[in-house]
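Below: the structure, in structure tokens.
The values are calculated or read from the model by the stated rules, or taken from the named source; none is laboratory data. Predicted, not measured: the structure shown is a model, and the values here were computed from it. When we count neighbours, we look across all protein chains shown, and the Cβ atoms used for this are built from the backbone with ideal geometry, even at glycine.
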Amino acid sequence: MTLRNKLIVLATALVVLAGVATAAVLHAAGREDRKNQVQADGPPVRGGEVSLAPDSGRRIVFRNMAWGPHRDELATVPAADPSGPRTASGVKCLRFYAAAGTGVCLRAERGAVQDGYRAVILDARLKERAHYSLPGIPTRARVSPSGQLAAWTVFVGGDSYAGTNFSTRTAILDTRTGKLTKTLEDFTIERDGHPYHASDVNFWGVTFADDEHFYATMATGKKTYLVRGDLPARKVTTLRTNLECPSLSPDGTRLAFKKRVPGLPADAPWRLYVLDLATMRETALAEPRSVDDQLVWQDDRTVAYSLPGDYGADLYTLPADGTGSPRKLLTAGLAPAYLG
Amino acid sequence: MYVADSRSTPAAPAARLTTGRRPAVAPTVLALGTVSLITDVSSEMVTAVLPLYLVTGLGLSPLGFGLLDGVYNGFSALVRLAGGHLADRGGRHKAVAVFGYGLSAVCKPLLLVAGSLPVIGAVLAADRTGKGLRTAPRDAMISLAAAPEARGRAFGVHRAMDTAGALLGPLVAFLILRRAVDGYDAVFTVSFCVAAVGVLVLVLFVPGRTAPERAPDAPRASLKAALALLGEREVRRLALCALLLGLATVSDSFVYLLLQRRMDVPDRWFALLPLGTAAAFLLLAVPLGRLADRVGRWRVFLGGHAALLCAYALLLPGWRGAALPYVVLALHGLFYAATDGVLMAAAAGAVPAELRSSGLALIQTGQASARFVCSIAFGAAWTAWGDRTALATAAVALAVCATGAVLLRPAEASELDGGGPA
């Protein structure tokens, strides 16, 4: 082939491939625009005042994932009518949690050369009190029952050329003093009664007992552990293996969590369990699907969690004693917290 | 486009490409550099968004996924040897390279339809296989196309172009995601289109036969002949030195992690640390390649490890000057610029043309395996003794290995090809 012909072949291919690439980008952008249109059968959403204050009635606050102008905004519904009209706040979050008038909102921030993420502390009227930049993609957020402490977990990539080797980093913030523990990896670790050091330690999924103690997941050496943490002593102690994303019941007696069950597919390995802290007995819950979420307690008898759905995620509830069956709480929602 | 095909007649002796005193960079090298640049834009686009896609796009929890990573690495070393051997048989460097680049290209659209971790794992494994297959034949083609006395520079040019692509990739992905939020399918499609252009440039503008006519008494390319290379003093010494130094080369992620711990690098900058290394690599690859041609590849290779030793040393003490991250990343990039292409340039001088791919693959695999062992050992040392002691141990090990390498000193392979002083 002559050089001229080669250049013609190359130029033709460039035109075709550039067309395909442009079409793909425009198609993706157009699909994104459609998500800003309200879908006919979706839940009704209107903008309005949203408060995290504990005294304005029992309600659920969550990330609204229904298509339309309020997509990804924090919204509330009355706990008694979860599929009713939603009030959207105008505040966008990827992950969220709230308690006692304090909210923690993990969101994406557009930068000049790369997107970043930040944790934003919100007051009861959703006004920003402080923000902290995050080293990776947000996954878990929690606030202590008093509203004084906030914790968050992010996935940190970039440690490996392949981009597939993940680690997590979990931080705890005292929202009153502004004291930030950037990573639990600096804490003293006691594993099975002995001091433990390792470079591969990862923490995720904090749940607070009070303003000094918490439970969380620790991973090291291909195993996951339930740890109990002591914030003033900067120490964690292992209690049990194979327990991820614990969530403490309101009465403080039980932990709901997901557990890797052997024999399940590698991409859907989790089942839900509840651990009684007094007897250390586990009870399997009646959810036959794999759940990758940190549960929240609706009350001392019922847990709520998300599963993938048509608009990203739907919320379900389930009795915490192993009986009953899952019930859909609401569609197109993620990261719920019960207020009031 | 470079007129790389103006010489599509089999293997014009590389020396004839030189004009006057200063040897020009062979068109084939520029074409291969272009292929690498384009391909790296494509692959780094995907690398940049894959974590985000898995977590926010597919809603997967990717923690367990890292476990597969080590398996791929061992696998890719074997594939590399196979690629080298296949390429030498009948001088099919280009055919094997086209297959390797092509395999990686078709993996990009497959990511679109892969919805679960095991399938994504399989697609990424195929992508790695393509990368493993193409590397040795590509380096062999570079070495065969360049004039022996300008090989360091040829590899420097190639590595600089390759790194430029790696730096551009994430930027392209970012721009696409800015136009189309959650447009991961668009990123993968564009990545495929870019990769296809790379394959096309390879097919059209890299000559099909880069190996010289086989001399009647030249060794026939076979597995036996490839292994027999280790019996040759020069190759054996070079491989041994690369292995020895590889055993004391701590993996990149540990360097960044140490830097972050030592300096309290703000979290948001953490992901940018590898870019610092890449930028220094990009800027220094050509000058150090030329330097290697002038003063001897072996010296520059050792010098690169001295730079790495300096980086280790700077990470050790309590000094926390604001310049520390810049200095450490510059030294880290310098280390890559002085070793990555330069080792291949030196090795090319020791391996006969008929076995060039196999020989380069052998040395690359030895070095990569040694680095893998070092990473495991370093992780264990970190666990047992803490990061500071682990780093001090690595520094001592590097100094010892470097001393060993100086003593073993291959009789300056480049001497044979008119390189530096003996």
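Restricting attention to region B:281-298, the residues that are crowded, with 20+ Cβ neighbours inside 10 Å and away from chain A (no Cβ under 14 Å) add up to 12.
What is the residue count in region A:38-61 for residues that are among the β-branched types (Val, Ile, Thr) and over 18 Å from A:Ala304 (Cβ atoms)?
Residues of region A:38-61 among the β-branched types (Val, Ile, Thr): A:38, A:45, A:50, A:60-61.
Cutting the leftovers down to over 18 Å from A:Ala304 (Cβ atoms) gives us A:38, A:45, A:50.
Residues meeting the conditions: 3.
Residues of region B:325-362 that are outside any helix (DSSP H, G or I) and buried (at least 23 other Cβ atoms within 10 Å of the Cβ): B:Val351 alone.
Of the residues making up region A:268-289, those that are charged (D, E, K, R) and either within 18 Å of the chain's Cα centre (by Cα) or not in a loop (DSSP other than H, G, I, E, B) (or both) number 4. Selection within region A:187-242: residues that are within 17 Å of A:Ala151 (Cβ to Cβ) and within 11 Å of chain B (Cβ to nearest Cβ). The member of this set that is surrounded by the fewest Cβ atoms within 10 Å (Cβ to Cβ) is A:Ala219.
Residues in region A:4-18 include at least one that is in contact with an Asp or Glu (Cβ under 8 Å, 6 or more places away or on another chain) and either more than 9 Å from every other protein chain (Cβ to nearest Cβ) or charged (D, E, K, R) (or both). Scanning region A:19-70 for residues that are of a type in the set (Lys, Arg) and within 14 Å of chain B (Cβ to nearest Cβ), we see that the one that is surrounded by the fewest Cβ atoms within 10 Å (Cβ to Cβ) is A:Arg34. Pairs under 6 Å by beta carbon, first residue away from chain A (no Cβ under 14 Å) and among the hydrophobic types (A, V, I, L, M, F, W, C) in region B:383-402, partner crowded, with 19+ Cβ neighbours inside 10 Å and not in a helix (DSSP H, G or I), six or more apart or different chains? Pairs found: B:Ala397/B:Ala248; B:Leu398/B:Ala248; B:Cys401/B:Ala248.
Being in a loop (DSSP other than H, G, I, E, B), among the hydrophobic types (A, V, I, L, M, F, W, C) and under 25 Å from the mean Cα position of the chain (by Cα) is the filter here, so list the residues in region A:39-65 that pass it. Correct list: A:Val50, A:Leu52, A:Ala53, A:Met65. Scanning region A:243-260 for residues that are more than 14 Å from chain B (Cβ to nearest Cβ) and assigned to a strand (DSSP E or B) yields A:Pro246, A:Ser247, A:Leu248, A:Arg254, A:Leu255, A:Ala256.
Within the group B:Ala278, B:Ala271, B:Ala322, which residue is modelled with pLDDT under 85 and within 14 Å of another protein chain (Cβ to nearest Cβ)?
Values: B:Ala278 fails: modelled with pLDDT under 85; B:Ala322 fails: within 14 Å of another protein chain (Cβ to nearest Cβ).
So the residue among B:Ala278, B:Ala271, B:Ala322 that is modelled with pLDDT under 85 and within 14 Å of another protein chain (Cβ to nearest Cβ) is B:Ala271.
Within the set B:Arg262, B:Arg214, the sole residue that is at pLDDT below 90 and in a helix (DSSP H, G or I) turns out to be B:Arg262. Considering region A:137-155, the residues that are in a strand (DSSP E or B) and more than 14 Å from chain B (Cβ to nearest Cβ) include one that is surrounded by the most Cβ atoms within 10 Å (Cβ to Cβ), namely A:Ala150.
Of the residues in region A:77-84, not one is on the phi < 0 side of the Ramachandran plot, in contact (Cβ under 8 Å) with a residue 24 or more places away in the chain, buried (at least 17 other Cβ atoms within 10 Å of the Cβ) and within 14 Å of chain B (Cβ to nearest Cβ). Among the residues of region A:290-325, those that are in a loop (DSSP other than H, G, I, E, B), surrounded by fewer than 20 Cβ atoms within 10 Å (Cβ to Cβ) and at pLDDT 95 or above comprise A:Asp300, A:Arg301, A:Asp321, A:Gly322, A:Thr323, A:Gly324, A:Ser325.
Can you name every residue in region B:222-238 that is outside any helix (DSSP H, G or I) and closer than 24 Å to B:Cys401 by Cα? Please lay out each step first, then the result.
Keep residues of region B:222-238 that are outside any helix (DSSP H, G or I), which gives B:222, B:232.
Scanning region B:222-238 gives a single hit, B:Glu232.
Does at least one position in region B:185-194 carry a residue that is at pLDDT 90 or above, part of a helix (DSSP H, G or I), of a type in the set (Phe, Trp, Tyr) and more than 30 Å from A:Lys35 (Cα to Cα)? Step through it out loud before you land on a result.
First, the residues of region B:185-194 that are at pLDDT 90 or above: B:185-194.
Filter once more, keeping what is part of a helix (DSSP H, G or I): B:185-194.
The next check asks that each one be of a type in the set (Phe, Trp, Tyr); those that pass are B:188, B:192.
Remaining after also requiring more than 30 Å from A:Lys35 (Cα to Cα): none.
No, because not a single residue in region B:185-194 is at pLDDT 90 or above, part of a helix (DSSP H, G or I), of a type in the set (Phe, Trp, Tyr) and more than 30 Å from A:Lys35 (Cα to Cα).
Scanning region B:108-122 for residues that are away from chain A (no Cβ under 13 Å) and either in contact with a Pro (Cβ under 8 Å, 6 or more places away or on another chain) or crowded, with 24+ Cβ neighbours inside 10 Å (or both) yields no hits at all.
Do the conditions hold for B:Ala164, that is, is it within 12 Å of chain A (Cβ to nearest Cβ), part of a helix (DSSP H, G or I) and surrounded by fewer than 22 Cβ atoms within 10 Å (Cβ to Cβ)?
On the way: within 12 Å of chain A (Cβ to nearest Cβ): no; part of a helix (DSSP H, G or I): yes; surrounded by fewer than 22 Cβ atoms within 10 Å (Cβ to Cβ): yes.
The answer is no for B:Ala164.
Considering the conditions (1) at pLDDT below 85; (2) in a helix (DSSP H, G or I); (3) surrounded by fewer than 20 Cβ atoms within 10 Å (Cβ to Cβ), B:Ala411 is excluded by exactly one of them, (2).
Every residue, every condition in (1) facing another protein chain (nearest Cβ under 10 Å); (2) in contact (Cβ under 8 Å) with a residue 12 or more places away in the chain; (3) buried (at least 23 other Cβ atoms within 10 Å of the Cβ); (4) of a type outside the set (A, V, I, L, M, F, W, C), yes or no:
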position	(1), (2), (3), (4)
B:Ala136	no, yes, yes, no
B:Ala150	no, yes, yes, no
B:Phe155	no, yes, yes, no
B:Ala180	yes, no, no, no
B:Gly198	no, yes, yes, yes
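Going by the structure shown, is A:Tyr311 away from chain B (no Cβ under 14 Å), in contact (Cβ under 8 Å) with a residue 12 or more places away in the chain and among the aromatic types (Phe, Trp, Tyr)? When the stated conditions are applied, A:Tyr311 does not pass them.
Scanning region B:94-139 for residues that are basic (Lys, Arg), within 17 Å of B:Met45 (Cα to Cα) and at pLDDT 90 or above returns B:Lys108, B:Lys131.
Tell me whether region A:243-251 contains one or more residues that are without any contact (Cβ under 8 Å) to a residue 24 or more places away in the chain and surrounded by 14 or more Cβ atoms within 10 Å (Cβ to Cβ). Reasoning before the result, please.
Residues of region A:243-251 that are without any contact (Cβ under 8 Å) to a residue 24 or more places away in the chain, as a first pass: none.
No: region A:243-251 contains no residue that is without any contact (Cβ under 8 Å) to a residue 24 or more places away in the chain and surrounded by 14 or more Cβ atoms within 10 Å (Cβ to Cβ).
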